[in-house]
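The values are calculated or read from the model by the stated rules, or taken from the named source; none is laboratory data. Since the model is a prediction, treat every value here as computed from it, not as a measurement. Positions of Cβ are generated from backbone atoms using ideal geometry, with glycine treated the same way; all protein chains shown enter the neighbour counts. Ligands, DNA and RNA are stripped out before the accessible areas are found, and what is left, the full protein with its side chains, is counted by its heavy atoms. Shrake-Rupley method; radii C 1.70, N 1.55, O 1.52, S 1.80 Å.
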Amino acid sequence: MFDIPCIIFAGGKSSRMGEDKSLLPFGSFSTLTEFQLHHLSKIFKNVYISCKDKSKFHFQASFIEDAKTSLTYAPTAGFVAIFEYLKFDRFFAISVDTPFISKSVIEKLLDADTADNDATIAATQSGIQPMCGIYHRTLAPKFKTMLQEENHKLGFLLKSAKTLFVDFEDEKSFLNLNHPHEYKEALAKLANDRL
């Protein structure tokens, strides 16, 4: 198991899904968040859930609520809160809506990461995957500035920081549940993977 803490980001707006995707049932679990927590707890010693309000979840976990901001949904608020809450120099970030990220993907990112990096992030042919990678404490001041300036473009931050992008061939591992058809596709994939 990996010592680096893992943070599941589950505070998004889910506007394209039409309902809170972090609470959608997935597999044998009543929510996608519980599925991810169960899956990632087999890989990491410590798993936390980043969210706006932990009261929406009805299960036990280590929650980190976002830094308070006038904006309803801002990923930077999550990053600011995490750096304030955790005393680690780095953490692994993953979105709640990417349930097929495997241990081998995580291992490849961890193996590529060095203390000199600000971040080590997955990339596929379709682009960079900001919510699958390692973020270092060196970025904490930049996240605070971004939050103050209401700038929430993670891609812009990563391209202006010392970021190592690690290439992955398999797009399916990075299936992102943004729309209802992607959720259905993920349920079908999960069922097939278990056959």
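If Asp170 passes every condition in (1) part of a helix (DSSP H, G or I); (2) closer than 22 Å to Ile8 by Cβ but one, which one does it miss?
Every condition holds for Asp170 apart from (1).
Filter the range 155-187 down to the residues that are hydroxyl-bearing (Ser, Thr, Tyr) and in contact with a helix residue (DSSP H, G or I) (Cβ under 8 Å, 6 or more places away or on another chain), then identify the one that is most open to solvent (accessible area, probe 1.4 Å).
Going through the range 155-187, the residues hydroxyl-bearing (Ser, Thr, Tyr) turn out to be 160, 163, 173, 183.
Among the residues that remain, those that are also in contact with a helix residue (DSSP H, G or I) (Cβ under 8 Å, 6 or more places away or on another chain) are: 173, 183.
Working: Ser173: 17, Tyr183: 38 Å².
Among those residues, the one meeting the criterion is Tyr183.
What helices (runs of 4 or more DSSP H) completely inside the range 45-154 contain at least 1 residues that are open to solvent by 60 Å² or more (accessible area, probe 1.4 Å) and touching a helix residue (DSSP H, G or I) at 6+ places or on another chain (Cβ under 7 Å)?
Answer list for the range 45-154: 140-148.
When you check Phe35 against the structure, is it surrounded by 14 or more Cβ atoms within 10 Å (Cβ to Cβ) and part of a helix (DSSP H, G or I), yes or no?
Numbers: surrounded by 14 or more Cβ atoms within 10 Å (Cβ to Cβ): yes; part of a helix (DSSP H, G or I): yes.
Considered against the rule, which asks whether it is surrounded by 14 or more Cβ atoms within 10 Å (Cβ to Cβ) and part of a helix (DSSP H, G or I), Phe35 comes out as yes.
Would you confirm whether or not the range 159-173 contains a residue that is closer than 21 Å to Phe29 by Cβ and not polar (S, T, N, Q)?
Residues of the range 159-173 closer than 21 Å to Phe29 by Cβ: 172-173.
Filter once more, so that each one left must be not polar (S, T, N, Q): 172.
Among the residues of the range 159-173, at least one is closer than 21 Å to Phe29 by Cβ and not polar (S, T, N, Q), which makes the answer yes.
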